[in-house]
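Below is one structure, written out as structure tokens; the observations come after it.
The values are calculated or read from the model by the stated rules, or taken from the named source; none is laboratory data. The structure displayed is predicted, hence computed values, not measured ones. Heads up, the Cβs are rebuilt from the backbone with ideal geometry, glycines too, and the neighbour counts pull from every protein chain shown.
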């Protein structure tokens with residue numbers, strides 16, 4: 001190795017400059033905080049939070065620590081992001097394909113949807129869905145039952161809770177089915193490559209995922225029953241449903257607006273991806289005798305996905321970061337619970353904001369890494 | 001001899017000038033905030049984003065309210081003009097950071113004085129300009145007339161980042177009632193959600209409830225329950241570490257309250273200069289050296305009373321006449337059955 005100053009000089013200077021700038025900021029913050037009598041430290045994380053949160057995936061109340069409150073906020077952020085990403089992807093793919101439909105009505109309707117929803121600021125859409133929903137939804141006592149067991153009201157969506165017996169057996173059967181499917185897929189690919197025979201993998205997969213859990217019911221002793229929500233009177237005109245599972249309207253409104261908004265961008269990515277595959281490719285594939293399904297699966301999609309995945313990753317990141325607008329409508333996400341209430345109760349602004357920033361950074365990088373891995377996996381290997 | 005006498009007098013005069021100069025600027029020198037305020041020509045004051053009666057801006061951008069009047073009083077004392085205030089509307093979340101980072105010099109934003117806030121975050125509370133307590137608002141049609149009728153599963157709308165969230169937990173926990181807290185970042189959204197029927201009750205400081213009730217679609221459909229579940233002494237806050245500025249704000253507020261006690265109003269303040277009562281004369285700058293310790297002139301308190309008025313005038317103008325809380329309750333002077341009691345200006 002033979003380093004020349006000419007080569008490493010600029011890099012060295014950049015590193016020194018970055019260190020100096022950060023050092024200056026840290027020093028400056030320290031001096032100012034000392035002058036104003038603010039201590040710095042993360043010790044507060046183990047203190048009792050003494051505030052409650054509306055909606056939590058893990059057990060939590062005010063007697064738990066601030067760190068637990070942080071986890072509650074983080075999990076809620078992840079929950080709404082995952083729901084949003086799934087819904088946005090499904091809707092985005094459908095609308096993207098619809099935009100290429102030869103049917104005039106479907107085509108124009110999809111175009112209208114995209115142009116309408118992507119051109120209105122997201123915060124306004126969140127307010128619209130939340131307050132429009134609150135105005136439109138019935139009070140609990142006026143709600144009509146959906147399928148006789150679920151109730152969509154101003155206080156949220158109340159659905160029956162599953163009461164399991166021997167849940168672990170059911171769970172293992174599902175896991176076993178998934179493992180079996182993966183093994184069969186790998187085998188099928190090998191057979192295809194070595195002998196050129198096609199195995200009906202999809203049919204076998206569907207069969208496995210249905211039959212194994214079904215067997216767990218029949219011979220594994222798994223029992224499933226439902227706890228249906230029941231109306232309870234709190235006062236003359238105020239009611240609530242008890243029992244079952246309740247989803248707060250804040251979560252529903254946020255997931256809905258995030259996915260409706262992001263789906264427009266994903267739809268455009270999908271359209272671009274499909275249109276990016278040359279017409280000659282499809283015609284060539286058809287001419288060697290592939291069925292239309294095989295053309296789509298073996299020729300069009302592998303090439304389209306290469307175009308679709310990278311910009312869609314951006315949309316997933318955007319959706320996750322946009323979920324921080326939750327604070328406006330009282331959905332207890334990371335920003336509301338941790339960078340909101342916890343910050344104000346402790347006054348530890350620098351610590352909490354830095355943790356929150358680092359958390360969003362980690363979330364985004366995780367999604368990004370996952371999508372890059374998927375992108376590399378489906379990329380066409382150049383030979 | 002004559003020559004020497006002349007020299008001596010000039011020496012004495014010089015020493016005197018020097019001495020007065022040092023005493024006068026001593027306080028100003030010690031207080032960076034006072035010096036900066038006088039240099040800028042306006043008081044930087046943090047207020048709420050709109051709470052009628054406390055700090056609220058009209059369509060033309062003029063701020064009114066009892067919290068606003070504290071800042072105006074400081075401006076009158078320090079700069080001679082109650083209108084030389086720059087108001088910064090702050091959310092509950094931003095308020096302390098804005099103060100500790102030096103963006104504002106007084107936080108007068110219906111802020112509850114608590115031990116942890118006073119001790120922890122680099123703040124100093126200077127006094128109380130409104131004694132409040134947390135209460136509950138419900139719809140009249142619900143038939144609830146007391147918090148004892150609350151049942152498991154009740155949903156309560158409120159703001160985040162206030163003592164309200166903590167009090168609410170203490171209240172429901174001590175009674176063993178399970179509840180659903182729905183906490184919003186801004187008060188307008190809390191009101192909108194409660195008004196739409198999202199929550200069974202809306203909880204915050206009672207003054208806040210009374211003020212927000214006026215914003216509802218139909219104010220008559222809602223009542224504030226009689227119970228008060230917490231002590232909420234609201235008052236102005238300053239940064240830690242500038243005791244002269246702290247004293248100026250504290251005594252500007254005290255002057256307003258004491259002026260009411262002695263019957264000095266914005267209308268009669270000038271004529272009170274010739275009063276027989278030395279306490280009244282001190283309050284209008286006609287006796288004693290009440291401003292020197294702050295680095296202010298002697299009529300700083302007279303200007304407060306003349307330009308802003310006494311506490312009673314401020315309360316009447318902002319809270320009583322606007323129909324928010326016509327009854328002064330604990331915010332009446334100690335001489336009239338309330339708990340407003342301030343140390344004497346002397």
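Below is a table of values for the structure above.
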| read-out | value |
| --- | --- |
| Count - residues of the stretch A:148-164 that are within 11 Å of another protein chain (Cβ to nearest Cβ) and either exposed (fewer than 14 other Cβ atoms within 10 Å of the Cβ) or within 24 Å of the chain's Cα centre (by Cα) (or both) | 2 |
| Matching residues in the stretch A:22-34 - criterion: being surrounded by fewer than 17 Cβ atoms within 10 Å (Cβ to Cβ) and either in contact with a helix residue (DSSP H, G or I) (Cβ under 9 Å, 6 or more places away or on another chain) or within 9 Å of chain B (Cβ to nearest Cβ) (or both) | A:29, A:32 |
| Which listed residue, of B:229, B:257, is modelled with pLDDT of 90 or more and within 25 Å of residue B:69 (Cα to Cα) | B:257 |
| Conditions (1) modelled with pLDDT under 90; (2) within 24 Å of residue A:330 (Cβ to Cβ); (3) touching a strand residue (DSSP E or B) at 6+ places or on another chain (Cβ under 7 Å): number failed by residue A:65 | (1) |
| Top-ranked residue of the stretch A:35-55 - restricted to ones that are at the interface with another protein chain (Cβ under 10 Å from one of its Cβ atoms) and not in a loop (DSSP other than H, G, I, E, B), ranked as surrounded by the fewest Cβ atoms within 10 Å (Cβ to Cβ) | A:35 |
| Subset of the stretch B:118-149 (residues that are part of a helix (DSSP H, G or I) and farther than 25 Å from residue B:175 by Cα) | B:118, B:119, B:120 |
| Residue list for the stretch B:171-187, restricted to those being under 31 Å from the mean Cα position of the chain (by Cα), more than 9 Å from chain A (Cβ to nearest Cβ) and at pLDDT 90 or above | B:171 |
| Given (1) part of a helix (DSSP H, G or I); (2) under 27 Å from residue A:335 (Cα atoms); (3) within 21 Å of the chain's Cα centre (by Cα), index of the condition residue A:58 fails | (1) |
| Qualifying residue in the stretch B:265-273 (condition: surrounded by fewer than 17 Cβ atoms within 10 Å (Cβ to Cβ) and within 21 Å of the chain's Cα centre (by Cα)) | yes |
| Evaluation of residue B:166 against (1) facing another protein chain (nearest Cβ under 8 Å); (2) over 15 Å from residue A:342 (Cα atoms); (3) within 31 Å of the chain's Cα centre (by Cα) (one fails), failing number | (2) |
| Sole residue being surrounded by fewer than 24 Cβ atoms within 10 Å (Cβ to Cβ) and within 19 Å of residue B:33 (Cα to Cα), chosen from B:133, B:61, B:102, B:50 | B:102 |
| Residue match in the stretch A:168-179 (condition: closer than 30 Å to residue B:186 by Cβ and either within 14 Å of chain B (Cβ to nearest Cβ) or surrounded by 12 or more Cβ atoms within 10 Å (Cβ to Cβ) (or both)) | no |
| Failed item, numbered, when residue B:168 is tested on (1) at pLDDT 90 or above; (2) more than 30 Å from residue B:245 (Cα to Cα); (3) surrounded by fewer than 19 Cβ atoms within 10 Å (Cβ to Cβ) | (3) |
| Elements of type strands (runs of 3 or more DSSP E) contained in the stretch B:188-293, each with 1 or more residues being touching a helix residue (DSSP H, G or I) at 6+ places or on another chain (Cβ under 8 Å) and within 14 Å of chain A (Cβ to nearest Cβ) | B:201-205, B:222-224, B:237-239 |
| Leading residue by the ranking (modelled with the highest pLDDT) among those in the stretch B:294-324 that are out of contact with any helix residue (DSSP H, G or I) (no Cβ under 7 Å at 6 or more places or on another chain) and on the phi > 0 side of the Ramachandran plot | B:309 |
| Any chance residue B:96 is within 14 Å of another protein chain (Cβ to nearest Cβ) and closer than 26 Å to residue B:217 by Cα | no |
